[in-house]
């Protein structure tokens, strides 16, 4: 593609970039993200440059030493994730942020992963953005009941998203719709 081969990142840089975005993560997580197998050798080679942790099931997680890791008691803000967002696809074990009950709802029959709503760092519903000639609407379908403060946080995040996605629209609206399931 016009770049010298020496400028193409190698496997070590691939793993480091993955960890910069999604760490702490397991070897299986990295494999799920990139589709490559047998990454243990690369992680072992990088081990002296990484920090390790164990999750609640005893699985070893790797991260970059200077990566931000907030205190576990830090509340995670409400977020709206795009379709096929890498946060949803970059881990082998997605139970960290989606319950088994809701995981099946994440994938549609045709393999489309819809926009998701995160509350407290966990998937809490789906979102759909619809644009009109002068308006833009975010429909949020909660998969569980939300407190008034959570609904307010979702709405505020939705408005930020809509103003980013359609800054010239006259009307930006977040609507909560009933779950059809």
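The values are calculated or read from the model by the stated rules, or taken from the named source; none is laboratory data. Since the structure is predicted, the reported quantities are computational estimates derived from the model, not experimental observations. Ideal geometry is used to build each Cβ from the backbone, glycine not excepted, and the neighbour counts take in all protein chains shown.
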Could you tell me how many of the residues in segment 140-181 are surrounded by fewer than 18 Cβ atoms within 10 Å (Cβ to Cβ) and either within 15 Å of residue 77 (Cβ to Cβ) or touching a residue at least 40 places away in the same chain (Cβ under 8 Å) (or both)? 11
Could you list, in sequence order, the residues of segment 119-139 that are more than 16 Å from residue 177 (Cα to Cα) and surrounded by 20 or more Cβ atoms within 10 Å (Cβ to Cβ)? 119, 123
Report whether or not residue 93 is within 25 Å of residue 23 (Cα to Cα) and in contact (Cβ under 8 Å) with a residue 60 or more places away in the chain. yes
Being surrounded by 12 or more Cβ atoms within 10 Å (Cβ to Cβ) and touching a strand residue (DSSP E or B) at 6+ places or on another chain (Cβ under 6 Å) is the filter; apply it to segment 63-81 and report the residue that is farthest from residue 110 (Cα to Cα). 63
With the condition kept exactly as written, say whether any residue in segment 25-35 is in contact with a strand residue (DSSP E or B) (Cβ under 9 Å, 6 or more places away or on another chain), assigned to a helix (DSSP H, G or I) and touching a residue at least 60 places away in the same chain (Cβ under 8 Å). yes
Filter segment 123-139 for residues that are without any contact (Cβ under 8 Å) to a residue 40 or more places away in the chain and outside any loop (DSSP other than H, G, I, E, B) and give the result. 123, 124, 126, 128, 129, 130, 131, 135, 136, 137, 139
Of the conditions (1) out of contact with any helix residue (DSSP H, G or I) (no Cβ under 9 Å at 6 or more places or on another chain); (2) under 30 Å from residue 137 (Cβ atoms), residue 69 clears all except one; give me its number. (2)
For residue 46, indicate whether it is in a helix (DSSP H, G or I) and within 21 Å of residue 86 (Cβ to Cβ). yes
All positions within segment 89-122 that are under 13 Å from the mean Cα position of the chain (by Cα) and part of a helix (DSSP H, G or I): 89, 94, 95, 96, 106
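Tell me, yes or no, whether segment 101-121 has at least one residue that is in the same structural domain as residue 153 (by TED's automatic domain parsing) and under 23 Å from residue 17 (Cα atoms).
Just the residues of segment 101-121 that are in the same structural domain as residue 153 (by TED's automatic domain parsing), to begin with: 101-121.
With under 23 Å from residue 17 (Cα atoms) added as a condition, the list becomes 121.
The answer is yes; a qualifying residue exists.
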